[in-house]
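Here the structure is laid out as structure tokens; the discussion comes afterwards.
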Amino acid sequence: MALFLRRGAALAARSIRAAAASSASTSVHRLPSVGSLAGAGELAPTKLFLLEARRGFAKGKKSKDDGRGDTVQDAPDIGPAVKSAATQQMEAAVVALSRELSMLDHIMVETTGVKVALNRMAVVSVLDAHTLSVMPYDPSSMKSIEHAIISSPLGINPTPDGNRIIANIPPLTKENIQALCKVVTKSAEDFKQSIRRARQKALDTIKKSASGMPKDDVKRLEKEVEELTKKFIKSADDMCKAKEKEISGN
């Protein structure tokens with residue numbers, strides 16, 4: 001029994017010495033630290049590639065994460081809305097000017113302390129080349145309408161005729177023509193101011209939104225508003241010149 005135990009111990013000792021020798025003769029390869037590639041030359045090409053791939057992936061992930069907070073959403077395109085609103089306001093001014101330049105439409109009737117355009121208080125119709133008929137919506141306003149026509153620069157002497165007023169248009173004198181041309185010019189200038197106000201409103205809207213828009217888009221939109229303004233100002237000027245030509249007979 002004792003002999004058997006000694007042989008077992010001897011065999012165990014030899015196994016331990018063999019394992020230690022084998023461990024000492026085995027070389028261990030360690031990857032160089034991420035911050036330095038000084039030992040990279042000792043690595044096989046495949047291991048070096050894996051190391052670089054891990055480093056590149058780590059950097060890419062960090063850059064992606066860092067950029068999340070810098071994402072900028074595109075600002076909505078306000079151009080169509082701004083131009084549409086400006087166009088509607090400018091068109092309304094030109095249409096109003098067209099009505100204003102119609103015969104007798106520029107006459108303002110004062111009633112209950114308020115001045116109202118004649119075309120809102122009566123129906124004006126042409127009886128012949130030299131006669132107009134003015135039919136008040138409210139018969140009680142006839143006196144006010146008659147006074148307003150007499151006070152106009154047209155040189156008309158209206159005559160009451162039942163529930164209407166007959167306005168005979170005399171041949172225009174040089175003085176009347178000049179007076180009417182002044183009325184036309186003033187009316188045109190008033191409505192051009194309305195067009196300019198629409199322009200300023202559009203530019204203010206663009207300015208408020210400029211911080212969220214590319215500079216090129218801001219400049220382009222401002223230029224388009226300016227072109228719209230010039231277009232409608234020219235329409236008002238053309239209407240004014242045409243009316244002056246009609247009045248003077250030239």
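The values are calculated or read from the model by the stated rules, or taken from the named source; none is laboratory data. Nothing here was measured: the structure is a model prediction, and the numbers come from that model. Note that each Cβ is placed from the backbone with ideal geometry, even for glycine, and that neighbours are counted across all protein chains shown. Side chains are part of the model used for accessible areas, which takes the heavy atoms of the whole protein and leaves out ligands, DNA and RNA. Shrake-Rupley method; radii C 1.70, N 1.55, O 1.52, S 1.80 Å.
Listed here are the residues, each with its yes/no results for (1) acidic (Asp, Glu); (2) free of Cβ contacts under 8 Å to residues at least 40 places away in the same chain; (3) exposed (fewer than 12 other Cβ atoms within 10 Å of the Cβ).
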{"site": "Thr111", "(1), (2), (3)": "no, yes, no"}
{"site": "Arg120", "(1), (2), (3)": "no, yes, yes"}
{"site": "Leu132", "(1), (2), (3)": "no, yes, no"}
{"site": "Pro139", "(1), (2), (3)": "no, yes, yes"}
{"site": "Ile149", "(1), (2), (3)": "no, no, no"}
{"site": "Thr159", "(1), (2), (3)": "no, yes, yes"}
{"site": "Asn168", "(1), (2), (3)": "no, yes, no"}
{"site": "Leu180", "(1), (2), (3)": "no, no, no"}
{"site": "Phe191", "(1), (2), (3)": "no, no, no"}
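When residues in the stretch 191-250 are screened for being aromatic (Phe, Trp, Tyr) and farther than 21 Å from Gly79 by Cα, 1 of them pass. Assess whether Phe191 counts as being closer than 29 Å to Gly155 by Cα and not acidic (Asp, Glu). Against the criterion (closer than 29 Å to Gly155 by Cα and not acidic (Asp, Glu)), Phe191 qualifies. More than 16 Å from the chain's Cα centre (by Cα), within 20 Å of Glu91 (Cβ to Cβ) and open to solvent by 70 Å² or more (accessible area, probe 1.4 Å): is that true of Asp128 in this structure? When the stated conditions are applied, Asp128 does not pass them.
Every condition in (1) over 27 Å from the mean Cα position of the chain (by Cα); (2) at pLDDT below 90; (3) loosely packed, with under 12 Cβ neighbours inside 10 Å is met by Glu244 except one, and the failing one is (3). Just one residue in the set Lys223, Lys201 is under 18 Å from the mean Cα position of the chain (by Cα), of a type outside the set (A, V, I, L, M, F, W, C), in a helix (DSSP H, G or I) and more than 15 Å from Ala81 (Cβ to Cβ); that residue is Lys223.
If only one of Arg164, Arg199 is in contact with a helix residue (DSSP H, G or I) (Cβ under 9 Å, 6 or more places away or on another chain), in the same structural domain as Met142 (by the TED database) and surrounded by 15 or more Cβ atoms within 10 Å (Cβ to Cβ), which one is it?
After applying the criteria, what remains is Arg164.
For first residues located in the stretch 214-237 and open to solvent by less than 100 Å² (accessible area, probe 1.4 Å), partners that are of a type in the set (Ser, Thr, Tyr) and in a helix (DSSP H, G or I) and lie 6+ apart or on another chain with Cβ distances below 9 Å form the pairs Val218/Ser209; Leu228/Thr87; Phe232/Thr87.
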